[in-house]
Amino acid sequence: MTDSSQNDGTSKRSQFLLEHVDIEINHRCNLLCKHCSARAVRAKAGVDELSVDDLKKILHSAASLGLRNVGLTGGEPLMDKEKLENIARFCLDDLGVPVHTHSNGTLVTVEMCKQGGVLSLFESVSVTFLGGNAESHDSITQVKGSFKRSFEGARIIADAGLPLTCYFIPTNQTCHEFKALAAELHNVGVRRIRAMALAPSGRARTIYDKTIPDIDEMRVFEKDLLQIGAELSIQIEAGNCTRMSMPGLSILAGHERCMSGLNRVHINSRGDVFPCTAASGVSELMLGNLRDSAFDLKEIWFASPLVRNIRALQRKILDGCNECSRIKKCYDTCMVNVIGTMNSAELKACALFR
Ligand SMILES: C[S@@+](CC[C@H](N)C(=O)[O-])C[C@H]1O[C@@H](n2cnc3c(N)ncnc32)[C@H](O)[C@@H]1O
């Protein structure tokens with residue numbers, strides 16, 4: 001049976017369909033976000049980045065495992081527009097798989113949004129906001145003027161009628177700012193917002209405790225978004241991990257439960273594979289590197305000891321979990337959150353890594 005409903009960790013090896021691959025096409029970014037899971041940098045493309053050929057081989061191997069959806073991310077994908085377009089066309093024309101992309105919006109042009117332009121290839125494009133105003137957003141991106149350019153990017157995409165979702169990632173002290181931003185974005189044609197929760201990954205890991213909003217701030221964020229969404233008919237949604245802290249938000253289709261390692265992987269610009277995007281940037285959760293397997297995902301997807309343990313954890317049958325004080329948090333919230341906030345002694349003892 002190849003029905004994706006079987007992808008729940010209870011079925012046989014052949015029934016783990018790798019339906020969703022997010023892949024970083026580059027490591028370069030024109031911003032330097034303090035929380036960046038990818039630890040993207042402003043430097044020129046490094047030799048370390050996967051080439052177009054490498055990316056095609058990886059996606060080709062994913063196609064034989066059940067691929068249905070590809071997310072092209074980075075770095076900032078629009079810094080390598082030709083590479084982005086090349087890979088998007090490969091997915092669409094050679095693999096017959098739809099693509100979406102994540103951008104900071106700052107490099108978007110009208111040309112890119114015209115029919116046949118690079119952004120017209122995607123079934124969804126996201127632009128991220130890290131604060132409700134220029135001061136907060138630019139303080140996280142560490143680039144003055146980035147809020148203004150991201151806003152303009154979102155406006156251009158919305159104006160072109162392309163399927164845009166604005167991502168909101170609140171940090172402490174910024175939760176109350178997003179209601180006004182949602183209204184401003186609505187004024188320029190934005191109709192869809194996704195709330196995201198900060199993950200303790202990449203550069204965010206060391207600042208997580210100081211940066212994560214407290215529960216009261218999150219309630220304000222959630223309440224404000226629900227209110228403005230209803231008032232202005234903006235679709236507001238969230239994935240499974242985000243809804244753990246903001247349960248009132250509607251669930252994003254395909255994100256009804258945690259699917260980490262069950263139907264998806266995230267691949268960084270160097271070919272390291274992680275069980276989901278939230279896990280990318282948590283080195284302990286790396287399943288393997290694709291350079292070691294000639295860019296073929298099969299071995300990692302079926303044989304990585306860690307992915308097997310993650311699937312056992314998802315089914316609550318991983319040996320050793322019963323003795324752990326974090327068991328409830330791991331079962332009831334997000335594995336990435338638990339692993340990303342463990343100290344080295346806890347990591348050493350964790351059943352996932354045995
Ligand atoms: C890594 S960026 C790369 C693509 C592009 N430059 C962008 O800004 O969307 C992809 C998305 O992941 C989000 N992100 C990065 N690090 C994160 C973290 N530690 N927790 C939650 N989201 C994170 C970004 O804010 C952005 O929305």
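Structure summary
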| read-out | value |
| --- | --- |
| Among 290-298, 211-219, the order from most to least packed when residues are scored by Cβ within 10 Å on average | 290-298, 211-219 |
| Estimated Rh, the chain: Kirkwood, alpha-carbon pairs, angstrom | 20.6 Å |
| Cross-link partners of K34 among lysines (Cα-Cα below 16 Å; sequence separation of 8 or more within a chain) | K144, K210 |
| Rounded to whole Hz, the Karplus (6.51, -1.76, 1.60) HN-Hα couplings of segment 298-303, x for glycine and proline | 3, 4, 5, 4, 9, 10 |
| Spatially proximal aspartates and glutamates relative to K44 (Cα-Cα < 16 Å; intrachain offsets below 8 disregarded) | E24, E76, D80, E82 |
| 222 nm mean residue ellipticity, helices alone, for the chain (DSSP H n ≥ 4; -39,500 (n - 2.57); rounded to 500) | -9500 deg cm²/dmol |
| Residue-count net charge about C166 - beta-carbon cut-off 11 Å; Lys, Arg +1, Asp, Glu -1 | +3 |
| Formal net charge of residues neighbouring G131 (Cβ-Cβ distance under 9 Å; K, R +1; D, E -1) | -3 |
| Estimated FRET transfer efficiency (T206, S120; beta-carbon r; R0 51 Å; 0.05) | 0.85 |
| Pairs of alpha carbons in segment 44-118 whose separation is greater than 22 Å (percent) | 23 percent |
| In Hz, Karplus ³J(HN,Hα) per residue of segment 93-99 (6.51, -1.76, 1.60; θ = phi - 60°; x = Gly, Pro) | 7, 8, 9, x, 10, x, 10 |
| Three-way shape call for segment 149-246 based on the alpha-carbon gyration tensor, with the a/c threshold at 1.5 | prolate |
| Placed amide H near H27: partners under 5 Å, 5+ positions off or other chain | G46 |
| Beta bridges per DSSP with both ends in the chain, % antiparallel, nearest 5 | 10 percent |
| Stokes-Einstein translational diffusion, segment 207-354 - Kirkwood Rh over all Cα pairs, 0.692 mPa s, 37 °C, in µm²/s | 193 µm²/s |
| Whole-Hz ³J(HN,Hα) from phi, Karplus 6.51 cos²θ - 1.76 cosθ + 1.60, for segment 262-271, glycine and proline x | 9, 9, 8, 9, 10, 10, 8, 5, 9, x |
| Cross-link reach list, lysines versus K57, counting only Cα pairs under 21 Å and skipping chain neighbours closer than eight places | K81, K83, K298 |
| Size-normalised alpha-carbon gyration radius of segment 219-283, reference 2.2 N^0.38 Å | 1.37 |
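Laboratory data are not the source of any read-out in this text; all were calculated from the coordinates shown. Note that the structure is a prediction, hence the values are computed from the model and not measured. A quick note on method: Cβ atoms are made from the backbone with ideal geometry, for glycine too, and the neighbour counts reach across all protein chains shown.
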